[in-house]
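Quick one: the structure is below, questions incoming.
The values are calculated or read from the model by the stated rules, or taken from the named source; none is laboratory data. These numbers come from a predicted model, not from an experiment. Here the Cβ positions follow ideal geometry from the backbone for every residue, glycine too, while neighbour counts run over all protein chains shown. Each accessible area value is taken on the protein alone, full model and side chains, heavy atoms only, with ligands, DNA and RNA left out. Shrake-Rupley method; radii C 1.70, N 1.55, O 1.52, S 1.80 Å.
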Amino acid sequence: MSDGTKRLVVGPFNRVEGDLEVRLDVADGAVKQAFVSSPLFRGFERILEGRDPRDALVIAPRICGICSVSQSHAAALALAALEGVVPTDNGRVATNLILATENVADHLTHFHVFFMPDFARAAYSDRPWFAEAERRFKASHGLSVREALATRTTLLHVMGLLAGRWPHTLALQPGGVAKGADARDKMRLLATLGSVRADLEARLYGAPLERVAALADAEELDIWRRTGPDGDFRLFLTITEDLDLAALGRADDRFLSYGAYPQEEGRLYAGGTFAAGRLGSVDPSAIAEDHSFARMEGREAPHHPFEGSTFPDGADETGYTWCKAPRLAGLPFETGAFARQVIAGQKLARDLAAKEGANVRSRVVGRLIETARTLIAMEGWVKALRPGEPWCAQGALPQAGRSFGLTEAARGALGHWMVVERGRIARYQIIAPTTWNFSPRDASGQPGPLETALVGAPVRQGEKTPLSVQHIVRSFDPCMVCTVH
Amino acid sequence: MKAAPFTVLWLQSGGCGGCTMSLLCAEAPDLAATLASANIRFLWHPTLSEETGDEAIALFEAVLSGAIRLDALCIEGALLRGPNGTGRFHMLAGTDTATIDWVRRLAAVAEHVVAVGTCAAYGGVTAAGVNPADACGLQYDGRRPGGALGAEFRARAGLPVINVAGCPTHPNWVTETLMLLSAGLLHGGDLDSYGRPRFYADHLVHHGCPRNEYYEYKASAEKMSDLGCMMEHLGCLGTQAHADCNTRLWNGEGSCTRGGHACINCTAPEFEEPGHAFIETPKIGGIPVGLPTDMPKAWFIALSSLAKAATPERLRRNAVSDHVVTPPAVRDIRKR
Ligand code: SF4
Ligand code: SF4
């Protein structure tokens, strides 16, 4: 690195889920190359081997405390496929509610607790919006931070009512849910969601959820910034414009979603891919994980998860992370709320994808739009619960077979692949959303989405943990404990 | 002059972050107000603090050098010894040093060391199965004393590691432990034989379970979503699990058994290896192997056959339904 390139090692990265280290090569005030490393390996896939398949519902959620229900859902789907059982109507709707509660809670935590506090740092004290950002978003003390945590706590009462507790509930089952709702539960759920709606409309958006969900293009977003209702959303748009966050953190604009929330007719958010302006479908047989730069054995060729393995190679020197590199048809894909909304056809998300692609601004906008849309859907689901009708269909596990479960966590596409032999789990492979987003390079040298998104990030004089890098990293809402599990 | 705050440094290692996510659910009052009421200040917490990267490392160094006093070191997640005793399965990002080493050094300067969650206490799910990362707890390796700090370890103030076990922990188990410590009200005798604070570990999950009436008559659930007692067939360990989950509720009004699933005894060492499927009750001759704490087997057999003979029709039917099919009769009390 004699050409004036400087190496920065950034970590520990807080206000993300889990531990993260980023290595940056910096020259001429900008990032030239980035290497993303997950420094924690636990080995859940190995822990699952040899167990009763139903134990996956206990073990897999504990991969992650922030999206444990999503992990539980992927496991339940894989078990349902193995048993050939179809959830009851009530079971499907209640599962949607439980999953949506976790996803919305995640979006709220991300925006208020993880992402926005960076704008209340002293480094921005010369900006016109700083006093307001500090008042609302100072880490752990800001008014909006505290209010959002209170709203989240109220929202999570849905878990107390329908799932027992959160995180690490055992309520989701292959055939539905372990607890039914009665008339009074429905009323309490409506009261809970109504209170969350009121909080968000008063503080976050300053407007009805329906108005947010209906935002149709970048111009409308700009009008909201200039003349829209006061709220944390508008403050975010003001900051975004001033710091030009739309110019920060673009990756390859190849998006992936497995689709979320099955309803009577189709899914609330349809799954698929979106690349070069076109929708495509996901072919699960084209998914493979490459170990070239993961500190894992099995580097000869990429493996489909039914053939995948997780044997850490502690002695390896070329690997720089415990994260594998998942690829779809050989290509890296970005996944998350923005990807999901683009693929599901939300108009503003589509327009942003066409005009500016994924970046710090559009990823955050994607989450805030989705929060509004999902809450509206949840209110409808509560009304669709039918006390007195069955909650959980029963199936029987075969002694051998293989199956997979694909779902969406807040952070994007999540899949579990399970092979059962002699009534025990013989192989279990998990590909989590952040594994897609924070993947290392693969055999052909293609960087993962974050590695690409960091190239070009400005580094100010003397910065050891560049703020631009922090904004980009957090715009993905990474979950490192899921990444390497 | 205001008293110096009770300072807390919180690090995460081989866990899922769920204990922190649960902690943020503290309510009435919320987390910030609860901590403020006891003058407890987080020096650094992975989820809540502003400082990242080099700023965070500078803070850890200041604690190690004694420039900043550390009242409680809270560790969430198991400690990873692998591969081959190097600890390299978890290097603290940005430091090129194993987290287990940071924890050992910081524990040596802390007044108190608190294990938050079953992973940090005993190894937990991270140590399950083949234990690929060679995970252990701070002062236990499963049921065995030892772990990352060793059985003899005592923090500066004289206590062993305080094990706020639970997978995850209830938010108030953590806040109340910190508040008792900051008030100087937690002593050796306030911990049970596994180092758990007795204020919650002296209870059983069975206490206050809404299925107690079914339990009394051995009216049992047969499949997931049934209303009956889950001890006989669905693996519930509520009669043996040390925690107050059914009297101190979760997320408003929940608990595992209220959510329709068995208690898997997540506050206990080695809960992750029950030796059978979690949702099955192992039995010998039709009698569950794991009987309620302090109940002799002969008594249990005698009582349960009596109870079964006396089960009211209402409970017999409701126990295997997913909603109440036979409500209690409405009687005019005065006419009895
Ligand atoms: S379900 Fe478990 S905790 Fe509830 S009464 Fe039965 S044994 Fe006790
Ligand atoms: S009910 Fe049992 S498994 Fe559930 S949180 Fe309490 S101790 Fe843990």
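Within region B:271-289, how many residues are open to solvent by less than 70 Å² (accessible area, probe 1.4 Å), away from every other protein chain (no Cβ under 12 Å) and away from ligand 1 (no atom under 16 Å from the Cβ)?
1
Here is a yes/no grid of residues against (1) away from ligand 1 (no atom under 16 Å from the Cβ); (2) within 14 Å of chain A (Cβ to nearest Cβ):
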site	(1), (2)
B:C136	yes, yes
B:I162	yes, no
B:A165	yes, yes
B:F199	yes, no
B:R211	no, yes
B:Y217	no, no
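Something else about it: Would a scan of region B:318-325 turn up a residue that is within 21 Å of B:P210 (Cα to Cα), open to solvent by 70 Å² or more (accessible area, probe 1.4 Å), in contact with a Lys or Arg (Cβ under 9 Å, 6 or more places away or on another chain) and not aliphatic (A, V, I, L, M)?
Within region B:318-325 (the criterion being within 21 Å of B:P210 (Cα to Cα), open to solvent by 70 Å² or more (accessible area, probe 1.4 Å), in contact with a Lys or Arg (Cβ under 9 Å, 6 or more places away or on another chain) and not aliphatic (A, V, I, L, M)), the answer is no, since none of the residues qualifies.
Moving to a separate point now. Applying the selection to region A:254-276, what residues are in a loop (DSSP other than H, G, I, E, B) and surrounded by fewer than 22 Cβ atoms within 10 Å (Cβ to Cβ)? Step through it out loud before you land on a result.
To start, the set of residues in region A:254-276 that are in a loop (DSSP other than H, G, I, E, B) comprises A:258-259, A:263-266, A:270-271, A:276.
Correct list: A:G259, A:Q263, A:E264, A:E265, A:G266, A:A270, A:G271, A:A276.
Which number in (1) in contact (Cβ under 8 Å) with a residue 60 or more places away in the chain; (2) under 30 Å from A:W322 (Cβ atoms) marks the one condition that B:G53 misses?
(1)
Tell me, yes or no, whether region A:121-128 has at least one residue that is aliphatic (A, V, I, L, M) and buried (at least 21 other Cβ atoms within 10 Å of the Cβ). Let's see the steps before the verdict.
Step one: of region A:121-128, the residues aliphatic (A, V, I, L, M) are A:122-123.
Now restrict to residues that are buried (at least 21 other Cβ atoms within 10 Å of the Cβ): none.
No, every residue in region A:121-128 fails to be aliphatic (A, V, I, L, M) and buried (at least 21 other Cβ atoms within 10 Å of the Cβ).
Please specify each residue of region B:206-250 satisfying the condition of being over 22 Å from B:L306 (Cβ atoms), open to solvent by less than 20 Å² (accessible area, probe 1.4 Å) and away from ligand 2 (no atom under 11 Å from the Cβ).
B:M224, B:S225, B:D226, B:L234
Run A:C64 past the list (1) open to solvent by less than 10 Å² (accessible area, probe 1.4 Å); (2) out of contact with any Cys (no Cβ under 7 Å at 6 or more places or on another chain) and report the number of the one that doesn't hold.
Going through the list (1) open to solvent by less than 10 Å² (accessible area, probe 1.4 Å); (2) out of contact with any Cys (no Cβ under 7 Å at 6 or more places or on another chain), A:C64 breaks only (2).
Here is a follow-up. So, A:A260, is that one among the small types (G, A, S) and within 30 Å of A:T95 (Cβ to Cβ) or not?
On the way: among the small types (G, A, S): yes; within 30 Å of A:T95 (Cβ to Cβ): yes.
Yes; evaluated as a whole, the condition is true for this residue.
Do you know which residues across region A:75-91 are within 10 Å of A:P174 (Cα to Cα) and in a helix (DSSP H, G or I)?
Answer for region A:75-91, where residues must be within 10 Å of A:P174 (Cα to Cα) and in a helix (DSSP H, G or I): A:A75, A:A76, A:L77, A:A78, A:L79, A:A80, A:A81, A:L82, A:E83, A:G91.
Okay, moving on. I need the full set of residues from region B:17-56 which are within 8 Å of chain A (Cβ to nearest Cβ) and among the β-branched types (V, I, T), in order please.
Matches in region B:17-56: B:T20, B:T47, B:T52.
Given the conditions (1) surrounded by fewer than 19 Cβ atoms within 10 Å (Cβ to Cβ); (2) within 13 Å of another protein chain (Cβ to nearest Cβ), report the number of the one that B:L79 does not fulfil.
In the conditions (1) surrounded by fewer than 19 Cβ atoms within 10 Å (Cβ to Cβ); (2) within 13 Å of another protein chain (Cβ to nearest Cβ), B:L79 misses (1) alone.
Here is a follow-up. Taking the condition without any contact (Cβ under 8 Å) to a residue 60 or more places away in the chain and in contact with a Pro (Cβ under 8 Å, 6 or more places away or on another chain), does A:G314 pass? It would help to see each step written out before you state the result.
On the way: without any contact (Cβ under 8 Å) to a residue 60 or more places away in the chain: yes; in contact with a Pro (Cβ under 8 Å, 6 or more places away or on another chain): yes.
Against the criterion (without any contact (Cβ under 8 Å) to a residue 60 or more places away in the chain and in contact with a Pro (Cβ under 8 Å, 6 or more places away or on another chain)), A:G314 qualifies.
Let me ask another. When the residues of region B:290-303 are narrowed to those that are within 14 Å of ligand 1 (Cβ to nearest atom) and under 27 Å from the mean Cα position of the chain (by Cα), which ends up farthest from the other protein chains (Cβ to nearest Cβ)?
B:M295
Just checking: which of the helices (runs of 4 or more DSSP H) contained wholly in region A:102-191 hold 1 or more residues that are within 16 Å of ligand 2 (Cβ to nearest atom) and closer than 18 Å to A:T374 by Cα?
Numbers: elements: A:130-137, A:143-155, A:157-162.
In region A:102-191, A:157-162 are the helices (runs of 4 or more DSSP H) which contain 1 or more residues that are within 16 Å of ligand 2 (Cβ to nearest atom) and closer than 18 Å to A:T374 by Cα.
Taking interchain pairs and intrachain pairs at least six residues apart, which have beta carbon atoms under 6 angstrom, with the first residue in region B:252-279 and closer than 18 Å to A:R62 by Cα and among the basic types (K, R) and the second open to solvent by 10 Å² or more (accessible area, probe 1.4 Å) and within 16 Å of ligand 1 (Cβ to nearest atom)?
Hits for this filter: zero, empty list.
Of the numbered conditions (1) at negative phi; (2) away from ligand 2 (no atom under 13 Å from the Cβ), B:D294 fails exactly one; give the number of that condition.
Looking at each condition in turn, B:D294 falls short on (1).
When you check B:G158 against the structure, is it surrounded by fewer than 24 Cβ atoms within 10 Å (Cβ to Cβ), away from chain A (no Cβ under 11 Å), at positive phi and more than 16 Å from ligand 2 (Cβ to nearest atom), yes or no?
Details: surrounded by fewer than 24 Cβ atoms within 10 Å (Cβ to Cβ): yes; away from chain A (no Cβ under 11 Å): yes; at positive phi: yes; more than 16 Å from ligand 2 (Cβ to nearest atom): yes.
Against the criterion (surrounded by fewer than 24 Cβ atoms within 10 Å (Cβ to Cβ), away from chain A (no Cβ under 11 Å), at positive phi and more than 16 Å from ligand 2 (Cβ to nearest atom)), B:G158 qualifies.
Now, a different point. Out of the residues in region B:189-205 meeting the condition of being away from ligand 2 (no atom under 11 Å from the Cβ) and of a type in the set (G, A, S), tell me which one is least open to solvent (accessible area, probe 1.4 Å).
B:G195
Moving to a separate point now. Out of all the residues in region B:171-188, is one or more crowded, with 22+ Cβ neighbours inside 10 Å, within 15 Å of the chain's Cα centre (by Cα) and at positive phi?
Taking every residue of region B:171-188 in turn, none turns out to be crowded, with 22+ Cβ neighbours inside 10 Å, within 15 Å of the chain's Cα centre (by Cα) and at positive phi.
Let me ask something else. Is it the case that region A:404-419 has a residue that's open to solvent by 10 Å² or more (accessible area, probe 1.4 Å) and over 22 Å from the mean Cα position of the chain (by Cα)?
Taking every residue of region A:404-419 in turn, at least one turns out to be open to solvent by 10 Å² or more (accessible area, probe 1.4 Å) and over 22 Å from the mean Cα position of the chain (by Cα).
If you don't mind, another one. Can you pull out the residues in region B:93-121 that are within 14 Å of chain A (Cβ to nearest Cβ), touching a strand residue (DSSP E or B) at 6+ places or on another chain (Cβ under 8 Å) and within 23 Å of B:G166 (Cβ to Cβ)?
B:T99, B:I100, B:V103, B:L106, B:V116, B:G117, B:C119, B:A120
Now a separate question. Restricting attention to region B:219-235, and to residues there that are within 12 Å of chain A (Cβ to nearest Cβ) and more than 18 Å from A:T169 (Cα to Cα), which single residue is nearest to ligand 1 (Cβ to nearest atom)? Full working, then the answer.
To start, the set of residues in region B:219-235 that are within 12 Å of chain A (Cβ to nearest Cβ) comprises B:221-227, B:230, B:234-235.
Within this subset, residues satisfying the condition of being more than 18 Å from A:T169 (Cα to Cα) are B:221-222.
Working: B:A221: 8, B:E222: 13 Å.
By that ranking, first place goes to B:A221.
Please find, among B:G117, B:G85, the residue that is at pLDDT 95 or above and either open to solvent by 10 Å² or more (accessible area, probe 1.4 Å) or more than 24 Å from A:C64 (Cα to Cα) (or both). Before the answer, list the steps.
Numbers: B:G117 fails: either open to solvent by 10 Å² or more (accessible area, probe 1.4 Å) or more than 24 Å from A:C64 (Cα to Cα) (or both).
It is B:G85.
A further question follows. Given A:L221, A:L170, A:L156, A:L143, which one is more than 7 Å from chain B (Cβ to nearest Cβ) and in contact (Cβ under 8 Å) with a residue 40 or more places away in the chain? Steps first, answer last, please.
Numbers: A:L170 fails: more than 7 Å from chain B (Cβ to nearest Cβ); A:L156 fails: more than 7 Å from chain B (Cβ to nearest Cβ); A:L143 fails: in contact (Cβ under 8 Å) with a residue 40 or more places away in the chain.
None of the other options fit; the residue is A:L221.
With the requirement that a residue be out of contact with any strand residue (DSSP E or B) (no Cβ under 8 Å at 6 or more places or on another chain), within 13 Å of ligand 1 (Cβ to nearest atom) and not aliphatic (A, V, I, L, M), what does region B:236-255 give you? Don't jump to the end; show me each part of the working.
First, pick out the residues of region B:236-255 that are out of contact with any strand residue (DSSP E or B) (no Cβ under 8 Å at 6 or more places or on another chain): B:237, B:244-255.
Filter once more, keeping what is within 13 Å of ligand 1 (Cβ to nearest atom): B:237, B:244-247, B:255.
Hits for region B:236-255 are B:D244, B:C245, B:N246, B:T247, B:S255.
Which residues, counting only those in region B:256-270, are charged (D, E, K, R) and within 14 Å of ligand 1 (Cβ to nearest atom)?
So the first thing to find is which residues in region B:256-270 are charged (D, E, K, R), and the list is B:258, B:270.
The answer is B:R258, and nothing else.
Further question: Among the candidates A:R165, A:R211, which residue alone is within 14 Å of chain B (Cβ to nearest Cβ) and either surrounded by 24 or more Cβ atoms within 10 Å (Cβ to Cβ) or of a type in the set (K, R) (or both)?
Values: A:R211 fails: within 14 Å of chain B (Cβ to nearest Cβ).
Being within 14 Å of chain B (Cβ to nearest Cβ) and either surrounded by 24 or more Cβ atoms within 10 Å (Cβ to Cβ) or of a type in the set (K, R) (or both) holds for just one of A:R165, A:R211, which is A:R165.
Which helices (runs of 4 or more DSSP H) does region B:1-115 wholly contain that include 3 or more residues that are closer than 30 Å to A:L143 by Cα?
Working: elements: B:18-23, B:31-37, B:54-64, B:99-109.
In region B:1-115, the matching helices (runs of 4 or more DSSP H) lie at B:18-23, B:31-37, B:54-64.
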